[in-house]
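Presented below is the structure to which this report refers.
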Amino acid sequence: MVPLQLIAILFVALGAVGVVAARDLVRQAIVFSLYGFGLVILFLVFQAPDVALSALVVSGIAYPLVLVGAIARVRGLEKRGPQE
Amino acid sequence: MRTGFFLASATGLAALIVWGITGLPAFGDYPGPYGDLIANLVKPQRHMANAVSAVVFDYRAFDTLGEELLLFSAATAVALLLRDTRESHVEDIVDATRSDALRALGAVAAITGLVLALNVVAHGLLTPGGGFQGGVLLAAGFAFVFLALEYHSFARLTKSTYSEGLESVGAGGYVALGLVAFGFGLEFLENFYGKGVFGRLTSGGSAFLLNVASSLAVAGGFLVIFSEYLQENMAVRYGRSRR
């Protein structure tokens, strides 16, 4: 395997460990989008540009936005108390 | 005790994974016939440069129909569950960002996102990308308006009539294009007009219209989901009047 592919795989592995190690939920969403960028580089190096674009769009835009919206909603419900 | 059990099973799993990975063929060794067939037939048969889009919008357009309706039903479910905050309560939400540099940068980012999305959708059959990626980029351009400007601008641009209308036009348009193929005596979702010259924007026939329809459906669905979550959160945090 070419060294570039090995570096991309290593970056993805480190990003995955980072996503699991992040404790706060919103911080985890941001680290997840960084892990998504690592995945994009991996797919690009392995000659799959269409998959790389899809991964960029989903893990960089769609997933963090919906996730942070859901986290905010759950925290708002907790703050409002058990009347909801 | 739990850590010991985890370490034992993790070493067993690691041994199995390493054994499996070393047994894989080398990268680039492709035995199956279907990929080679598609790569050789896309240019003469469909005049499209992007083989992935050719499979998604032409050879296997029916599976893409299923995925569009999946996103459509997800957006419908979110709207059904979170639609308890009435839209008339958004006037009292005050959350404009005060930094002029951030507002200017956000406006530039929104316009750039919009142009980039239109570029990715228009070149869907030529370069990597296509309907789905362009649709999410289009929705992200609108999300920049919320993130860097204020909620009122975003709410005015993506009123539920507009975003739901966009989504319905996309999803319904996809099915309607499939039914139009019946009028030409072809099968459902088959490519029904001239395939054009290879490499031009007008190549590919009616798969380009399917591309545009799916991008509208994805953008509308994602905007519906995002604005439903947002409306509820903003009314709780920043609204001054209660429900």
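Report the accessible surface area buried between chains B and A, summing both sides, using a 1.4 Å probe on protein heavy atoms only, in Å² rounded to the nearest 100.
Working: alone 14410 and 6100 Å², together 18570 Å².
So the buried area, both faces added, is about 1900 Å².
With the full set of protein chains in place, find how many percent of the accessible area of chain B is carbon and sulfur; take the probe as 1.4 Å. Spell out each step's value before the answer.
Values: 9210 of 13430 Å².
Exposed carbon and sulfur together represent 69 percent of the surface.
Using only the alpha-carbon atoms, what does the protein assembly as shown span along each of its principal axes? Please give whole angstrom values in decreasing order.
65, 63, 39
Take peptide B:122-133, look around each residue's Cβ out to 10 angstrom, count Cβ atoms belonging to other protein chains, and average those counts.
Working: counts 0, 0, 0, 0, 0, 3, 8, 5, 3, 0, 5, 9.
Whole-number average of other-chain Cβ neighbours for B:122-133 is 3.
Kirkwood hydrodynamic radius for segment B:9-70: how many Å is it when counted over pairs of different Cα atoms?
On the way: mean 1/r = 0.0674 Å⁻¹.
That comes to 14.8 Å for segment B:9-70.
Would you list the membrane-span-like helices of chain B, meaning whole DSSP H runs whose alpha-carbon atoms span at least 24 Å along their axis and whose mean Kyte-Doolittle value is at least 1.6? Can you show the working numbers first?
Details: long enough: B:2-22 (30 Å, 1.33); B:61-82 (32 Å, 1.47); B:100-122 (33 Å, 1.73); B:131-148 (26 Å, 1.84); B:160-183 (33 Å, 0.71); B:207-237 (45 Å, 1.07).
Result, helices passing both filters: B:100-122, B:131-148.
So how many Å³ per residue does the convex hull of the Cα atoms of chain A work out to?
Values: hull volume 6.4 nm³, N = 84.
Taking only Cα atoms, chain A has a hull volume of 76 Å³ per residue.
Beta carbons within 10 angstrom, averaged per residue: use that to sort the peptides B:148-155, B:208-215, highest first.
Details: B:148-155: 19.2, B:208-215: 25.2.
The packing order, highest mean first, is B:208-215, B:148-155.
Rank A:F11, A:F37, A:F46 by mean-square fluctuation in a GNM of chain A with C-alpha springs under 10 angstrom and give only the top-ranked residue.
Residue with maximal mean-square fluctuation among A:F11, A:F37, A:F46: A:F46.
Which whole number gives the average, over all residues in A:47-55, of C-beta atoms from other chains lying within 10 Å of the residue C-beta? Before the final figure, lay out the partial values.
Working: counts 2, 2, 5, 11, 2, 2, 11, 7, 1.
Other-chain Cβ atoms within 10 Å of each residue's Cβ, averaged: 5.
So, for chain A, what is the accessible surface per residue at a probe of 1.4 Å, expressed in square angstrom? The partial results should precede the final answer.
Details: 5140 Å² over 84 residues.
On a per-residue basis, chain A sits at 61 Å².
Let me confirm one metric for peptide A:64-76, namely the mean number of other chain beta-carbon atoms within 10 Å of its residues' beta-carbons.
On the way: counts 0, 11, 5, 1, 2, 11, 2, 2, 7, 7, 0, 3, 6.
Mean partner-chain Cβ count within 10 Å for A:64-76: 4.
Compute the relative contact order of chain B as a whole-number percentage, counting only Cα pairs closer than 8 Å that sit 6 or more residues apart in sequence. Each step should come with its number before you reach the end.
Working: 311 pairs, mean separation 66.4, N = 243.
Averaging sequence separation for qualifying contacts and normalising by length gives 27 percent for chain B.
What do you get when you divide the Cα radius of gyration of segment B:31-156 by 2.2 N^0.38 Å, with N the number of residues? Let's see the in-between values first.
On the way: Rg = 20.0 Å, N = 126, 2.2 N^0.38 = 13.8 Å.
Taking N as the residue count of segment B:31-156, the ratio is 1.45.
Taking every pair of distinct Cα atoms and averaging 1/r, then inverting, what Kirkwood hydrodynamic radius in Å comes out for segment B:88-198? The partial results should precede the final answer.
Working: mean 1/r = 0.0602 Å⁻¹.
Result for segment B:88-198 stands at 16.6 Å.
Provide the descending list of Cα extents for segment B:2-237 along its principal axes, expressed in whole angstroms.
That works out to 67, 62, 37 Å along the principal axes.
The values are calculated or read from the model by the stated rules, or taken from the named source; none is laboratory data. This one's a predicted model, so the numbers in the text were calculated from it and none came from an experiment. Neighbour counts run over all protein chains shown; Cβ positions are idealised from the backbone, glycine included. Note: areas computed on protein heavy atoms with side chains; ligands, DNA, RNA excluded. Shrake-Rupley method; radii C 1.70, N 1.55, O 1.52, S 1.80 Å.
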